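Asks: First the structure, which I've put down as structure tokens, then a few questions once you've had a look.
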Amino acid sequence: MKIIAFGGSNSQHSINKKLATYAANQFSNASVEVLDLNDFAMPLFSVDVEKEIGQHPKAKVFLEKLAKADILVVSMAENNGNYSVAFKNVFDWCSRIEKDVFQHKPMLLLATSPGARGGASVLEIATKLFPRYGTEIKASFSLPSFNTNFDVEKGEISNEELKEQLATLINSNF
């Protein structure tokens with residue numbers, strides 16, 4: 001089973017990438033590839049830029065990576081209650097090539113933040129929108145207070161109750 005995971009942030013120290021990596025590695029018998037949105041940096045999408053340069057090659061590569069997955073593990077960063085501009089830009093470029101960006105892959109949708117809501121606003125937005133773009137969200141999970149509930153050195157959720165909640169979601173839905 002091939003899992004493609006990524007955090008919806010271009011931060012070099014993305015807490016959402018750390019959560020996505022951890023979660024993806026909780027699947028049994030899986031090969032995991034973690035994508036970094038920095039590898040898919042493109043000009044800010046506009047129809048004018050698209051008219052000038054056409055479909056961006058990095059968007060094509062991103063879609064090719066998703067096509068190879070059996071399962072997607074995506075952890076959304078929240079910026080001012082919404083997607084990060086880095087994720088939205090990759091998504092916009094990709095959706096011009098393939099409306100079903102997520103290519104009918106099952107998804108574990110995650111979010112985390114330093115705050116107590118754990119990216120709840122962006123998780124709600126993505127839960128409503130992503131199925132329109134070709135995914136079935138099999139489970140979603142929010143990790144509140146990342147700095148308290150995740151051990152960065154060990155690369156794992158440190159709160160045992162939350163760790164068990166995520167394990168149960170994965171084992172029950174995938």
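The values are calculated or read from the model by the stated rules, or taken from the named source; none is laboratory data. All values derive from a computational prediction rather than experimental measurement. Neighbour counts run over all protein chains shown; Cβ positions are idealised from the backbone, glycine included.
So that you can scan it fast, the table gives a plain yes or no per residue for (1) modelled with pLDDT under 95; (2) farther than 30 Å from Glu98 by Cα; (3) touching a Phe, Trp or Tyr at 6+ places or on another chain (Cβ under 9 Å):
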{"position": "Glu124", "(1), (2), (3)": "no, no, no"}
{"position": "Lys128", "(1), (2), (3)": "no, no, no"}
{"position": "Ile137", "(1), (2), (3)": "no, no, yes"}
{"position": "Pro144", "(1), (2), (3)": "no, yes, no"}
{"position": "Asn149", "(1), (2), (3)": "no, yes, no"}
{"position": "Glu156", "(1), (2), (3)": "no, yes, yes"}
{"position": "Glu161", "(1), (2), (3)": "no, yes, no"}
{"position": "Thr168", "(1), (2), (3)": "no, yes, no"}
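Asks: Considering the stretch 21-59 alone, what residues qualify as being of a type in the set (A, V, I, L, M, F, W, C), under 13 Å from the mean Cα position of the chain (by Cα) and either closer than 17 Å to Asp70 by Cα or exposed (fewer than 11 other Cβ atoms within 10 Å of the Cβ) (or both)?
Replies: Ala23, Ala24, Val34, Leu35
Asks: Is it fair to say Gln12 is out of contact with any Lys or Arg (no Cβ under 7 Å at 6 or more places or on another chain), under 27 Å from Asn173 (Cα atoms) and either among the aromatic types (Phe, Trp, Tyr) or without any contact (Cβ under 8 Å) to a residue 60 or more places away in the chain (or both)?
Replies: No: the conditions fail for Gln12.
Asks: For the stretch 116-155, how many residues are loosely packed, with under 15 Cβ neighbours inside 10 Å, under 12 Å from Ile15 (Cα atoms) and either under 15 Å from the mean Cα position of the chain (by Cα) or touching a residue at least 12 places away in the same chain (Cβ under 8 Å) (or both)?
Replies: The qualifying residues number 3.
Asks: Among the listed residues Lys2, Lys17, which satisfies the condition of being among the charged types (D, E, K, R), at pLDDT 95 or above and surrounded by 20 or more Cβ atoms within 10 Å (Cβ to Cβ)?
Replies: None of the other options fit; the residue is Lys17.
Asks: Sticking with this one: Which one is farthest from Met42 (Cα to Cα) among residues in the stretch 81-98 that are under 13 Å from the mean Cα position of the chain (by Cα) and not small (Gly, Ala, Ser)?
Replies: Selected residue: Tyr83.
Asks: Would you confirm, using the coordinates I've provided, whether Glu98 is within 22 Å of Asp36 (Cα to Cα), surrounded by 15 or more Cβ atoms within 10 Å (Cβ to Cβ), free of Cβ contacts under 8 Å to residues at least 40 places away in the same chain and not hydroxyl-bearing (Ser, Thr, Tyr)?
Replies: yes
Asks: Report, by residue number, each residue of the stretch 16-31 that is among the basic types (Lys, Arg) and either under 11 Å from Met1 (Cβ atoms) or out of contact with any Asp or Glu (no Cβ under 8 Å at 6 or more places or on another chain) (or both).
Replies: Lys18
Asks: Scan the stretch 35-51 residue by residue and report those that are of a type outside the set (A, V, I, L, M) and within 11 Å of Asn89 (Cα to Cα).
Replies: Answer for the stretch 35-51, where residues must be of a type outside the set (A, V, I, L, M) and within 11 Å of Asn89 (Cα to Cα): Phe40, Pro43, Phe45, Ser46.
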